[in-house]
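Reading through the structure tokens given below for one structure.
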Amino acid sequence: MTVSTLEHPFLKGLLGQEAVARFFSAEEDLAAMSAFERGLAKAEADAGVISNAARDAVLTALEKTTFDLDALCVSTATDGVVVPEFLRQIKEKLPEEHHGALHFGATSQDVIDTSLTIRLQGALKVIEGELVGLVQELAELKDKYAGREIIGRTRMQQALPIPLAHRFDGWHRPLNDLLNELASVHEKISYLQFAGAVGTLDKLGDKAALVRKNLAAELSLRDPMGSWHTDRRRLMALANWLSELTGSIGKLGQDVIQMAVNEVQEVYLIGSGGSSAMPHKQNPVRGEVLVTLARFNAMNISGMHQALLHENERSGSSWTLEWMVLPQMVVTGAASIRRARELLAQIDDIPDMDKDLPG
């Protein structure tokens, strides 16, 4: 078993979502950090902060650089961030007279936060597409079994008959709401980070606002009009949304588990999990994992709240905690949607209470 079950060679088939996990790979991170430096050189040349010759030299160096991951790993253990070694490797391909133009006015957090922001754009597009599919499939399920009734249960006890559509609506409506809220969340995390050493862009003087605006445009991001080095509410909004998402899907999974119990049999599942000891069993694996993923993100959300506490103008400890928690929440959210769609596809039939259920 590896440290991360989300990327484990076989557990990722149950708990991961590779289409989203790839946005958190070293390769994607380095590509996004390089895009930041490329965009910065162009923005500063356009504003007259560095020369066109320096810009061209930086762009050429970035094109030529093949990053040494082992060296990046060793350096990060010392520096706490990857950026110093990242820049050193680029400078190996950059004429010495242009070294000062690379990364001018920026700081490590600008590069790392913007890399995250860039990569989250792609991850959220995948999540949105999957969620659209899930919401549509739930709507179709409601239509397919319109008119059916089941026994409603309160506090795990039989209560009164209810339309099956009522339970389905309890799954569909929260997810549809979350889908509608996603555009707002996406907007909140689409901002550039560019504020310099202590958040003031002091090295750029009266060109600071212009360079920031140019850089945001180069990267197709929003201009934050200031620093959010210590204001992590934008990322917290995403984390909260992800926890609500997995919680809402977890409710769906938990309901299906209970509906599929042998003595209840309000739903039949095909292709459920097998048992190594009892071949007759059909374990509701997809439903179970939805509950697990919901609980995992519920635990992680507390870590993100801890990561809100950035002291003074920048924090190392809180920022590092964020790196550990947020990517897992994003992949968990994506995996939850995928497993939910697989679970819905396993529903073979739902008996009619009046005709099919015993008693």
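The values are calculated or read from the model by the stated rules, or taken from the named source; none is laboratory data. Please read these numbers as outputs of a predicted model, since none were measured by experiment. A quick note on method: Cβ atoms are made from the backbone with ideal geometry, for glycine too, and the neighbour counts reach across all protein chains shown.
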Under the condition of being aliphatic (A, V, I, L, M), more than 27 Å from the chain's Cα centre (by Cα) and under 20 Å from Arg38 (Cα atoms), which residue from region 56-76 is surrounded by the most Cβ atoms within 10 Å (Cβ to Cβ)? Val58
Go over the candidates Ala35, Ala31, Ala41 one by one and state the one that is free of Cβ contacts under 8 Å to residues at least 12 places away in the same chain, of a type outside the set (Phe, Trp, Tyr), under 30 Å from His186 (Cα atoms) and in a helix (DSSP H, G or I). Ala31
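Table: residues versus (1) under 27 Å from the mean Cα position of the chain (by Cα); (2) under 30 Å from Ala57 (Cβ atoms); (3) outside any strand (DSSP E or B).
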position: His99; (1), (2), (3): no, yes, yes
position: Gly105; (1), (2), (3): no, yes, yes
position: Leu124; (1), (2), (3): yes, no, yes
position: Gly152; (1), (2), (3): no, no, no
Residue list for region 36-55, filter: crowded, with 18+ Cβ neighbours inside 10 Å and of a type in the set (Gly, Ala, Ser): Gly39, Ala41, Ala43, Ala45, Ala47, Ala54
Search result, residues across region 119-145 that are surrounded by fewer than 18 Cβ atoms within 10 Å (Cβ to Cβ), within 29 Å of Ser220 (Cα to Cα) and either of a type in the set (Lys, Arg) or free of Cβ contacts under 8 Å to residues at least 24 places away in the same chain (or both): Lys125, Gly129
Listed residues Gly39, Gly13, Gly48; which is out of contact with any His (no Cβ under 8 Å at 6 or more places or on another chain), farther than 17 Å from Glu218 by Cα and not hydrophobic (A, V, I, L, M, F, W, C)? Gly13
I'd like to check something: does region 225-232 contain any residue that is part of a loop (DSSP other than H, G, I, E, B) and β-branched (Val, Ile, Thr)? yes
Does region 20-28 contain any residue that is within 30 Å of Arg338 (Cα to Cα), in contact with a Gly (Cβ under 7 Å, 6 or more places away or on another chain) and assigned to a helix (DSSP H, G or I)? yes
Starting from residues that are more than 30 Å from Leu201 (Cβ to Cβ) and without any contact (Cβ under 8 Å) to a residue 60 or more places away in the chain, keep the ones in region 298-315 and report whichever is surrounded by the most Cβ atoms within 10 Å (Cβ to Cβ). Gly303
Determine if region 40-53 includes at least one residue that is of a type in the set (Asp, Glu) and under 22 Å from Ala106 (Cβ atoms). yes
Could you list, in sequence order, all residues of region 148-179 that are free of Cβ contacts under 8 Å to residues at least 12 places away in the same chain and of a type in the set (Gly, Ala, Ser)? Ala159
Anything in region 283-335 that is within 21 Å of Leu179 (Cβ to Cβ) and among the charged types (D, E, K, R)? List them, or say none. Arg286
Could you figure out which of (1) loosely packed, with under 14 Cβ neighbours inside 10 Å; (2) modelled with pLDDT under 95; (3) out of contact with any Lys or Arg (no Cβ under 9 Å at 6 or more places or on another chain) isn't true of Tyr268? (1)
Going through Asp79, Asp110, Asp46 one at a time, which residue ends up being within 33 Å of the chain's Cα centre (by Cα), of a type outside the set (Val, Ile, Thr) and closer than 20 Å to Asp206 by Cα? Asp110
Where His166 falls short, out of the listed (1) modelled with pLDDT of 95 or more; (2) surrounded by fewer than 19 Cβ atoms within 10 Å (Cβ to Cβ): (1)
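Residue-by-condition table, conditions (1) closer than 30 Å to Gln346 by Cβ; (2) surrounded by 16 or more Cβ atoms within 10 Å (Cβ to Cβ); (3) in contact with a strand residue (DSSP E or B) (Cβ under 8 Å, 6 or more places away or on another chain); (4) not hydrophobic (A, V, I, L, M, F, W, C):
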position: Ile189; (1), (2), (3), (4): no, yes, no, no
position: Lys207; (1), (2), (3), (4): no, yes, no, yes
position: Leu215; (1), (2), (3), (4): no, yes, no, no
position: Asp223; (1), (2), (3), (4): no, no, yes, yes
position: Ser227; (1), (2), (3), (4): no, yes, no, yes
position: Trp241; (1), (2), (3), (4): yes, yes, no, no
position: Ile249; (1), (2), (3), (4): yes, yes, no, no
Is there any pair linking a residue in region 320-332 that is under 17 Å from Thr292 (Cα atoms) to one that is charged (D, E, K, R), with Cβ under 6 Å and at least six apart or on different chains, and which? none
